[in-house]
Amino acid sequence: MKNILEVRNLNKSYKHFSLQDISFSLPEGCITGFIGVNGAGKTTTLKTILGLTSKDSGEIRFFDMNMDTEERHIKERLGVVFDSGGFYAELTLQEMKALAASSYRSWDEKEFRRYLERFSLNPRQKINTLSKGMRMKYALALALSHQADFLVMDEPTSGLDPLIRRQLLDILREYMERGGRGVFFSTHITSDLDQLADMLVLIDHGKIVFQEEKDSLLERYRIVKGDVQDLSDAVLPLLHNLSRTAFGFTAVTDQAGEIQKAMPGAFLERASIEDIMLCRIEGGDKYAASAD
Amino acid sequence: MLLQLIKKDILLTWKYLLLMGALCCFYPFFVHHQISGAAAAFAGTLAFILMTFFSILFALLQAFQKEAMYPKASAYLCALPYRRRDLVLAKYIYFLGVYLGCCLIYWLETLILPDLGGFGLSEAVPIFAAVSLLLGLYLPVQYRFGYEFTKYFFMFAILGISFLLPMFIKYLPPELLSFRIGPGLLAALFLSSLGLLAASAAASVYFYEKAELA
């Protein structure tokens, strides 16, 4: 399978924050969730790979083309959705569309009209009169109306109600039905990814913690519940996010087999992406596993 | 491509453009009403200079205030296949369009009120030079330091220039001040203004390509 995006040793320093040796690659046909807490570096990474901020070092390749030398060709094939749109809110939908469309050679006006109808958007309406959900739908209509091969979305579900989030996820599934495409989707709302993502990339304090298939992560991690008396020195290193109460303990482990051997009486259940994220980030061990 | 970017600036600032257009129409008539006789022609030209200069200055402030209001919008445009160079050049063309609009309004007024004096290259080119100087300095500073700094810097700079101008004006060629300029000087003035704009645009593109977008 070909890679749509490859990031190698990307570095970017600010006064109080830096991206350090960011490397990951996204294969085609994959919806990838880019997860991390607020301030972990998700937006900075997205901005840097889109060329909105300069990088200190590293290489970014889309569709096997170098971003430094073929930025314009690459951007023809990207669809971009920013948190809250990133539009001139005083313009109408039609005016903003004309501005975006004129930058693409492959703009498909019929497709755009189809999306506007589907989302019940009036092209004469001003952007500042749209709700957050409608803005997101409009941003999607713009991003999907030029035969984009790869969608880059920064926190698209942030602040949206569950119905609109579900609609958005359906559209992304539909988009992926035609092969050879990909979606890179940053979010801190990990529940969206439970249903949708094929791959997860976790970033924390400007460093990539892991890149892994979602199913294999969910298969490996388990929430462990048991009696506090069963917690021996041998099992403690196998547990993350350990929380003790008068009734027992809850923790997360990626060593389910070892735990079962050491504590046959313990209950093991599937962990959520949020549990996994919290047990892998710095400072996340203060927070107990969420399952009850 | 550039056309849509220029149209965007017009759409974002159209209320202001209408207001300034109305003032540009009204002010020479007002001057003509107040000053008659031999001084009317000079007063008319002065009205044209003032209105053009302030129209461009306020257009600069207004357009970049809108960009500062929507910082993610310019980042969004740069995430599309637009080059940053396109965004910068569209701004230069837009402001030169405001200058041409001022010229057109004043030319029509001189046809209606011949007392205002004629309007030709000897009026248009020196003002073009002044506009080029304003744009040539303002835009690179704006792209390097951002809206807030540039706004205050130029407010104080223009105030300072108002005091320095009387000292400086005595060194200018008398024909430039009387707008009776020979074709050679006009051509030199026009070409040097174009050169200044080209150098300024290159500097603005350089700064904007290095800018960290929101």
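Could you tell me whether B:F64 is more than 20 Å from B:A214 (Cα to Cα) and either within 14 Å of another protein chain (Cβ to nearest Cβ) or touching a residue at least 12 places away in the same chain (Cβ under 8 Å) (or both)? Judged against the criteria, B:F64 is not a match.
Evaluate the following for A:G33: is it farther than 30 Å from B:W14 by Cα and crowded, with 21+ Cβ neighbours inside 10 Å? Considered against the rule, which asks whether it is farther than 30 Å from B:W14 by Cα and crowded, with 21+ Cβ neighbours inside 10 Å, A:G33 comes out as yes. Residues in the stretch A:27-55 that are facing chain B (nearest Cβ under 10 Å) and either assigned to a loop (DSSP other than H, G, I, E, B) or touching a His at 6+ places or on another chain (Cβ under 6 Å) (or both): 5 in all. For the stretch A:123-141, a residue qualifies if it is more than 27 Å from the chain's Cα centre (by Cα) and either in contact (Cβ under 8 Å) with a residue 40 or more places away in the chain or within 14 Å of another protein chain (Cβ to nearest Cβ) (or both), and the qualifying residues are A:R124, A:K126. Here A:G58 does not fit the description of being within 19 Å of A:K12 (Cα to Cα), surrounded by 21 or more Cβ atoms within 10 Å (Cβ to Cβ) and either within 7 Å of chain B (Cβ to nearest Cβ) or touching a Lys or Arg at 6+ places or on another chain (Cβ under 9 Å) (or both).
For the stretch A:177-185, indicate whether the set of residues that are part of a helix (DSSP H, G or I), small (G, A, S), in contact (Cβ under 8 Å) with a residue 40 or more places away in the chain and surrounded by fewer than 19 Cβ atoms within 10 Å (Cβ to Cβ) is non-empty. Scanning the stretch A:177-185 turns up no residue that is part of a helix (DSSP H, G or I), small (G, A, S), in contact (Cβ under 8 Å) with a residue 40 or more places away in the chain and surrounded by fewer than 19 Cβ atoms within 10 Å (Cβ to Cβ). Within the stretch B:190-202, the set of residues being touching a residue at least 24 places away in the same chain (Cβ under 8 Å) and either surrounded by fewer than 17 Cβ atoms within 10 Å (Cβ to Cβ) or closer than 24 Å to A:Y14 by Cβ (or both) comprises B:S192, B:L194, B:L196, B:A199.
Taken together, A:S106, A:S120 contain a single residue that is free of Cβ contacts under 8 Å to residues at least 12 places away in the same chain and not in a helix (DSSP H, G or I), which is A:S120.
Being within 14 Å of chain B (Cβ to nearest Cβ) and in contact (Cβ under 8 Å) with a residue 12 or more places away in the chain holds for only one residue in A:L99, A:L91, and it is A:L91. Just one residue in the set B:Y152, B:Y143, B:Y206 is away from chain A (no Cβ under 14 Å) and under 30 Å from A:T45 (Cα atoms); that residue is B:Y143. When the stretch A:86-130 is filtered for residues that are in contact with a Pro (Cβ under 7 Å, 6 or more places away or on another chain) and of a type in the set (F, W, Y), only A:Y104 remains. Residue check: is A:G179 closer than 25 Å to A:I74 by Cβ, modelled with pLDDT under 85 and either among the hydrophobic types (A, V, I, L, M, F, W, C) or assigned by TED's automatic domain parsing to the domain that holds A:T43 (or both)? The answer is yes for A:G179. Condition check for B:S74 on (1) within 10 Å of the chain's Cα centre (by Cα); (2) within 11 Å of chain A (Cβ to nearest Cβ); (3) small (G, A, S): one failure, at (1).
Report whether or not A:L116 is under 17 Å from B:L77 (Cβ atoms) and either within 14 Å of another protein chain (Cβ to nearest Cβ) or not polar (S, T, N, Q) (or both). In short, no. Counting only residues that are surrounded by fewer than 20 Cβ atoms within 10 Å (Cβ to Cβ), in contact (Cβ under 8 Å) with a residue 24 or more places away in the chain and within 14 Å of chain B (Cβ to nearest Cβ), the stretch A:64-82 holds 2 of them. Of the set (1) more than 14 Å from chain A (Cβ to nearest Cβ); (2) in contact with a Gly (Cβ under 9 Å, 6 or more places away or on another chain), all apply to B:A47 but (2).
Across the stretch B:40-87, the qualifying residues are those that are in a helix (DSSP H, G or I) and of a type in the set (D, E, K, R), and the one among them that is farthest from A:T48 (Cα to Cα) is B:K66.
Quick one: is A:G58 assigned to a strand (DSSP E or B), at positive phi and not β-branched (V, I, T)? It is true that A:G58 is assigned to a strand (DSSP E or B), at positive phi and not β-branched (V, I, T). Taken as a whole, the condition of being of a type outside the set (S, T, Y), part of a helix (DSSP H, G or I) and farther than 15 Å from B:F53 by Cα does not apply to B:L96.
The values are calculated or read from the model by the stated rules, or taken from the named source; none is laboratory data. This one's a predicted model, so the numbers in the text were calculated from it and none came from an experiment. Don't worry about glycine lacking a Cβ; one is built from the backbone with ideal geometry, like all the others, and counts go over all protein chains shown.
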